[in-house]
Amino acid sequence: MLLFSEYLRELMQKKQMSVSALARLSGVERTQLSKTLTGKRVLAYHTLDDLIYHLKLTPEEEKQFRSYYDAQFEKEGIRRSRELISKLFSNLSCLDFTATAFEETRLLMNLDQYAGERSVFIGETNVQFLLRMVFSEEMARPDARMELTVSPTDAMLTSALIYRYMDERMTMEISQIICFDASSAGADINLYNLECFCRIFPICLLSKQHYHPYYYYDNRIISRYSDPFPYFMVTHSCVVCLSEDNASALLLRSPDAIAYYQRYFRTLTEKCHSLIRYTSDPLEILSSYQRCTEPDGFYMVMDQPCFGRFYSDAFVLSHIREGVPKFEQILQAAKERFSLLRSVSHFYTVFSEAGLRRFMEDGTLDDYPVELVPPFSPEERAWLMQELAAAIRSGDVAGCIFREKIFPDYLAVCTSEEKGIGFFTTSQFPLSDGLCSIWINESNLCRAFHSWLLHLPGSSLTRTARETADILEKLALEVNEVK
């Protein structure tokens, strides 16, 4: 990310404006402007309007200019956490779900033949070959299962899990214990813990609920020098103990060693917290939405906008199919949810133009299957988009459109700093037969994701509120013209 001083210099060069000329036109003292360009001084906030006017900045340049100015006063940890989360969602939006171009070739030897008499493997390449052999042998079993304590910061192992679940449609049950850092101040976002979660979250999405992470806290996450193999992974046929850098491994194949590590892992999980909770039940998903909605605030990112603020009880009743299982329970949960959304003071909805156009064309909701909620009529679509545009213009709703490749079109995220974070796959998710929610309530992660969502309106990742309202009104007119 550029510094404010660097961006100001870039703008002055682009506009062909010298320090002297800009100082004379804007009224900002020349020495003060020069020191700002070298990063030695921070401009007073009231000078920004004059600089924006005389530099003749476009709306997009002004938005960036103010964003870089505000960033000077943010903690480095907050800025880095937003970058980590933005990178996570950007990478997820680029995942290629098409059929893989190749498959893992058959093994030419089994683990015993490959390892021979060896029990210690030195060198990253040798360790990778060993892990690949262990994975492949275990995957061949109908009851495939793996338990591990390896840190998610190990990119090689994490990438292997993502590949196996996505490209090979692996169904192996995997449980992982993660050590979270407890050494930072409570009010700060712990970047190590956030990075760990960002690395395993794609695995959670792709595993079809076969991946189960647990965590505990420790004040030390540095290398344990007295233990050459601080991590381990155990399968039905072996135990692999790994060094901190994954450059060395110890292979154990005796039945008593395997049984010992399996018991030890299960004992550890009893002392840990479950990091996530899965559900595919529509009623439980509604409850998950409700849990992460604060009494006075609703905060959501999804490919489509959330129109829930405009659903009356009568509207809800007329749009849930009566024949669905648990109809009365779902109806009551939906009424309670939308009643809350109508009353909250802070309503955030961040969405994409593509998702909005898809709603305009077919009237279906990404986060509710058509088996539960039938498509909305063209009149209802136009009305909802007009209502949302008016609410954004009045400030009743903080709504904005995010730019392309910022957020995946198959995911919805609902955040609360205190009550938890809900991640919901939608009807656009290629690997799911239905909806699924992933729920976390670890306080530091909740704070990080909530902070990220709050900063979206007005950031460089989204369009302005005025631009968003203009697009909504334009699409509403198009719907009315087609009717």
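What follows draws every value from the coordinates through simple rules; no lab data is involved. Keep in mind that this is a model prediction, so the values were computed, not measured. Methodologically, a virtual Cβ is constructed for each residue, glycine included, from the backbone with ideal geometry; neighbour enumeration extends over all protein chains shown.
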Mind scanning Lys14/Lys75; Lys40/Lys75; Lys208/Lys335; Lys35/Lys56 and naming the pairs with a C-alpha gap bigger than 24 Å? Lys14/Lys75; Lys208/Lys335
When we measure straight from the Cα of Lys474, which lysines land under 20 angstrom away, once same-chain ones fewer than 8 places off are left out? Lys483
Is the C-alpha gyration tensor of region 111-275 telling us rounded, prolate or oblate? Criteria: a/c under 1.5 is rounded; beyond that, a/b larger than b/c is prolate, otherwise oblate. prolate
What is the magnitude of the charge dipole of the chain about its Cα centre, with +1 placed on the Cβ of each Lys and Arg, -1 on the Cβ of each Asp and Glu, and no other charges, expressed in debye to the nearest 20? 1240
If you average the sequence gap of Cα pairs under 8 Å that are 6 or more apart and divide by the length of region 354-483, what percent do you get for the contact order? 32
In region 35-81, which chymotrypsin sites (Phe, Trp or Tyr not before Pro) are in a loop and have at most 10 other Cβ atoms within 10 Å, using DSSP for the loop call? Phe73
Assign one of three labels to region 4-73, namely rounded, prolate or oblate, based on the Cα gyration tensor with a ≥ b ≥ c the square roots of its eigenvalues; rounded applies when a/c is under 1.5, prolate when it is not and a/b is larger than b/c, and oblate otherwise. rounded
Can you tell me which aspartates and glutamates have their Cα less than 19 Å from the Cα of Lys405? Leave out same-chain residues fewer than eight positions away. Glu60, Glu83, Asp96, Asp303, Glu353, Asp366, Glu467
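Output the relative contact order of the chain, whole-number percent, from Cα pairs under 8 angstrom with separation of 6+ residues.
About 15 percent, as a whole number.
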What FRET efficiency, computed as 1/(1 + (r/R0)^6) with R0 = 51 Å and r the Cβ-Cβ distance, is obtained for Leu250 and Lys326, rounded to the nearest 0.05? 0.50
How do His212, His46, His273 line up, fewest other C-beta atoms within 10 Å first? His46, His273, His212
Provide the gained length on full extension for the span Glu481 to Ser119, in nm with one decimal, where the gain is 0.36 nm per separating residue minus the Cα-Cα distance. 123.0 nm
